[in-house]
Amino acid sequence: MDQFIPVNTPIFIGNEKKYLNECIDTGWVSCEGRFVSEFENQLAAYCNRKHGISVSSGTAALEIAIKSLGLCEGDEIIVPSLTIISCSNAIIKNGLVPVLVDSYEDTWNMSVEDIRAKITPKTKAIMMVHLYGLPCLVDEILNIAKEFNLKIIEDAAEMHGQTYRDQPCGGLGDISIFSFYANKHITTGEGGMILTNEDTIADKCRSLRNHCFMSGRRFRHDDIGQNARMTNLQAAVGLAQLETLPQFVERKRTMGNMYTKAFKDLKGVSLPIEQTDYAQNIYWAYGVVLDSEVFPEPEKVMKSLTDAGIGNRPFFWPLHKQPIYQDMGLFSRDSHPVAEKLANYGFYLPSGLSLTKDQINTVIEKFRDVISKHSENI
Ligand SMILES: *Cc1c(COP(=O)(O)O)cnc(C)c1O
């Protein structure tokens with residue numbers, strides 16, 4: 001059998017080793033060191049933002065970004081139900097209330113109509129999460145934010161190199177975040193970044209990521225912060241990865257276009273949208289959604305793929321269905337049918353930057369086999 005093709009493996013084709021060696025040779029391995037500020041400045045410039053604040057993960061970025069806004073206990077933040085739990089946890093840990101909205105069936109992103117329907121006098125912000133490869137309906141969401149005086153927290157964790165109407169994702173919110181986990185377009189192993197144009201928010205984020213030290217006498221603190229500092233080692237890798245980002249974007253799009261061309265004729269399989277009037281898909285993960293009538297047992301399709309050596313992973317599990325939140329009595333009256341359907345019938349195929357054309361062709365061949373076998377059964 002061919003070797004198993006995992007859903008994701010990163011690639012390092014630039015200055016990563018050179019920069020890492022510099023860290024080791026000079027001894028600058030913690031958060032002090034030139035790569036931290038260079039990575040922050042260059043990513044901020046790339047996204048047309050004034051400030052970049054590097055942190056230890058995308059999750060930490062969300063927590064700190066929300067805290068920096070200074071909202072009051074009980075204030076509400078609108079967030080899609082279909083997203084990673086980091087989003088809602090960051091809201092809850094800050095004493096705020098996540099209010100969930102459903103998603104669109106075709107782009108898998110949060111529904112603008114549902115955002116409008118969920119606004120209350122307590123709503124203070126919208127967490128605009130771009131998922132899988134296409135950005136949200138940004139203009140529509142920004143208009144709602146303007147109308148109701150809401151802050152936009154942009155989660156661009158899956159969008160490095162993507163644009164909305166030619167404006168870089170990660171530069172579209174009052175405050176925006178990236179993740180550099182190993183399956184993102186740019187990785188530092190673990191890591192994250194907060195981006196903003198606002199000086200006071202940037203200062204607060206810098207303070208929060210490092211225990212809120214006060215100036216003057218050391219070891220005095222003016223708020224409850226944390227250690228969420230990025231190391232110079234991580235930033236060295238991040239800077240090198242940022243230099244090669246244009247190539248990464250091209251690879252992703254080539255992969256996505258190969259898959260789409262090969263799967264277009266498959267019945268009962270929805271594919272990612274290649275192009276909208278605001279963006280061209282970047283395929284952070286190449287997702288497919290099965291038709292429930294043709295494939296009533298999607299987990300069997302996924303199992304067959306795994307058995308055929310093709311890695312695959314289900315979409316996020318909706319937040320209103322999370323066991324921990326059910327235990328806490330949260331979202332008990334929520335219903336988000338599209339998010340549920342996407343979670344039950346959606347999964348993604350190998351989408352990593354290391355995929356070779358041969359591997360993509362193997363995925364294509366095996367996926368077509370598995371799909372045709374399972375659609376014969378009914
Ligand atoms: C990966 C991801 C995060 C979390 O990032 P970590 O670095 O893993 O903490 C947040 N939001 C989205 C949409 C993500 O995909």
message: Distances longer than 16 Å among the Cα atoms of segment 288-378: what percent of all pairs is that?
response: 60
message: Per residue of segment 352-365, what does 6.51 cos²θ - 1.76 cosθ + 1.60 with θ = phi - 60° give for ³J(HN,Hα)? Whole Hz please, x for Gly and Pro, Karplus curve as stated.
response: x, 5, 7, 4, 8, 4, 4, 5, 4, 5, 5, 4, 4, 4
task: Just flag the GluC sites (Glu not before Pro) in segment 83-145 sitting in loop per DSSP whose Cβ has no more than 15 other Cβ atoms within 10 Å.
output: E105
message: How large is the Kirkwood hydrodynamic radius of segment 1-141, counting all unique pairs of alpha carbons, in Å?
response: 18.1
Computed [θ] at 222 nm, helices only, for the chain once each DSSP H run of length n ≥ 4 contributes -39500 (n - 2.57): -12000 deg cm²/dmol
message: Under the 0.36 nm per residue contour assumption, what length would be gained going from the current alpha-carbon distance of K93 and C72 to full extension?
response: 6.3 nm
statement: Rounded to the nearest Å, the spacing of the alpha-carbon centers of segment 239-301 and segment 56-90 is 27
- line: Low-density loop chymotrypsin sites (Phe, Trp or Tyr not before Pro), segment 165-237, at most 15 other Cβ within 10 Å, DSSP non-H/G/I/E/B, are F219
query: Reachable lysines from K122, Cα under 22 Å, same-chain residues fewer than 8 places away excluded?
result: K67, K93, K146, K151
- line: Partner aspartates and glutamates whose C-alpha sits under 19 Å from that of K300, ignoring same-chain residues fewer than 8 away, are D291, E340, E365, D369, E376
- prompt: On alpha-carbon atoms, Rg over Rh for the chain using Kirkwood Rh?
  reply: 0.98
field: Antiparallel DSSP beta bridges within the chain, as percent of all bridges there, nearest 5
entry: 55
- prompt: Per the Kirkwood treatment, what hydrodynamic radius in Å, one decimal, follows for segment 338-378 from the mean inverse distance over all distinct Cα pairs?
  reply: 12.1
query: Out of M230, M302, M214, any idea which swings most in a Gaussian network model of the chain, alpha carbons joined below 10 Å?
result: M214
field: Nitroxide proxy distance, nm - points 7 Å out along Cα→Cβ at N361 and E140
entry: 4.1
message: How charged is the neighbourhood of K146? Take every other residue with its Cβ under 12 Å from the Cβ of K146, and add Lys/Arg as +1 and Asp/Glu as -1.
response: -3
- request: Note down the net charge around C87, summing +1 for each Lys or Arg and -1 for each Asp or Glu among other residues with Cβ under 13 Å from its Cβ.
  value: -3
message: I'd like the trypsin sites (Lys or Arg not before Pro) in segment 241-280 restricted to DSSP loop residues with at most 15 other Cβ atoms within 10 Å, sorted by number.
response: K264, K267
message: I'd like the FRET efficiency for C212 and A45, computed as 1/(1 + (r/R0)^6) with the beta carbon distance as r and R0 of 30 Å, rounded to 0.05.
response: 0.65
- prompt: If you average 1/r over every pair of different alpha-carbon atoms in segment 290-332 and take one over that average, what Kirkwood value in Å do you get?
  reply: 12.5
Label-point separation in nm, R220 to E147, each point 7 Å along Cα→Cβ: 4.8
- prompt: Using a basic spin-label model with each label point 7 Å from the Cα along Cα→Cβ, how many nm lie between F12 and D327?
  reply: 3.7
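Values in this text are rule-based calculations from the coordinates and carry no lab data. Just so it is clear, the model here is predicted, and its values are computed rather than measured. Neighbour counts are summed over all protein chains in view; Cβ atoms, including those assigned to glycine, are modelled from backbone coordinates with ideal geometry.
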